[in-house]
Amino acid sequence: MPELPEVERIRRQLQQSLPGLRIREVEVLLARVVDFPNPEEYERVLVGKTVGEVKRRGKYLLLRMQEGGVLLFHLGMTGRLVVVSEREGAPLHTRVALRLEDGRRLLFVDSRTFGKTAFLPPGRKDLYLPIKRLGPEPLDPAFGPRELAKALRGRGPVKSQLMDQSRLAGLGNIYADEVLHRAGIHPCRPGNSLSFPEIRRLHRAIREVLTDAVNKGGSTIRDYVDLRGEAGSFQEHHAVYGRAGKPCPRCGKPVERTKLSGRSTHFCPACQR
Ligand SMILES: [Zn+2]
């Protein structure tokens, strides 16, 4: 599933190619990917609007419209956005097609259809609960160790807390494993058992891992590709995720895999306490 670095990669590419373009035509090919409003209304309100700034909140892409309102995409498990030229056909599993004034089309493609799109009218962003409930942005300059400590209240495993979008936005299974390894913290530790020096270390690890992953195009485990169809390369730099039995890059002991809250969890039993 695309996490913050993958979504941020796509955001940067959309920001380079879409702002200033008017939407000429909107076609919903699978009604249930449209979360809000109903598919007919979604098609109707978007036609004639001009794409403004492209933002990201957690794992959500937010395309601000110059006339007001926000076009939102969540990629779910297998969703991706593709920009095709006038002559190119739409890939299999295209769910929404937006034709732009320069003839290109922005396509929302999703084979497993856990992805979502929505159009939020001006001033209605806070009424969309999945966005309203999101915790702080880990790469926001205002997000410091104190804010992280607040996110890790309670006795639940620190890994589950890091993946809880209402505590912290953007981390999923891959990056939670990677940041905990970099910080030397065992994923099963209760969040409220971390000392302040450990919180500081974890905070630094979150910033470093996410920044590094964004710069390397994110991680491609199965099918993530960016707007240009290119895979990420950060998976080649994973310390623990997907590396069970292989040597820990820090100490050489084999990486272990376990299940935590139903999710596969990778860690080094020697480096992570
Ligand atoms: Zn190790």
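The values are calculated or read from the model by the stated rules, or taken from the named source; none is laboratory data. Values in this document were obtained by computation on a predicted structure and should not be read as measured data. All Cβ positions, glycine included, derive from the backbone under ideal geometry; neighbour counts span all protein chains shown.
List of remarks:
- Residue in the range 86-98 that is within 21 Å of LEU134 (Cβ to Cβ) and touching a Ser or Thr at 6+ places or on another chain (Cβ under 7 Å) present: no
- Yes/no for LEU180 being in a helix (DSSP H, G or I), within 22 Å of MET77 (Cα to Cα), of a type in the set (A, V, I, L, M) and not assigned by TED's automatic domain parsing to the domain that holds TYR60: no
- Which listed residue is modelled with pLDDT under 95 and either assigned by TED's automatic domain parsing to the domain that holds LEU168 or touching a strand residue (DSSP E or B) at 6+ places or on another chain (Cβ under 9 Å) (or both), from ASP223, ASP212: ASP223
- Consider the range 153-202 and keep the residues that are within 16 Å of the ligand (Cβ to nearest atom) and either at pLDDT below 95 or touching a Cys at 6+ places or on another chain (Cβ under 7 Å) (or both). The one that is farthest from LEU260 (Cα to Cα) is GLY184.
- Note on the range 49-75: residues that are closer than 17 Å to GLU101 by Cβ and among the hydroxyl-bearing types (Ser, Thr, Tyr) total 1.
- Residues located in the range 232-264, provided they are surrounded by 15 or more Cβ atoms within 10 Å (Cβ to Cβ) and away from the ligand (no atom under 15 Å from the Cβ): GLY232, PHE234, GLN235, GLY242, LEU260, ARG263
- Criterion: within 20 Å of the chain's Cα centre (by Cα) and either at negative phi or of a type in the set (D, E, K, R) (or both) - qualifying residue of GLY135, GLY156, GLY144: GLY135
- Checked against (1) within 16 Å of the ligand (Cβ to nearest atom); (2) surrounded by 15 or more Cβ atoms within 10 Å (Cβ to Cβ); (3) of a type outside the set (Val, Ile, Thr), ASP226 passes all but condition (1).
- Scoring ARG207 on the criteria (1) away from the ligand (no atom under 16 Å from the Cβ); (2) in contact with an Asp or Glu (Cβ under 8 Å, 6 or more places away or on another chain); (3) not in a loop (DSSP other than H, G, I, E, B) leaves a single failure, condition (2).
- Within the range 10-33, the set of residues being modelled with pLDDT under 95 and surrounded by 20 or more Cβ atoms within 10 Å (Cβ to Cβ) is empty.
- Only a single item in (1) touching a Gly at 6+ places or on another chain (Cβ under 8 Å); (2) aromatic (Phe, Trp, Tyr); (3) at pLDDT below 95 is not met by PHE36, and it is number (1).
- On the stretch given as the range 144-153, residues that are in contact (Cβ under 8 Å) with a residue 12 or more places away in the chain and surrounded by 13 or more Cβ atoms within 10 Å (Cβ to Cβ) total 6.
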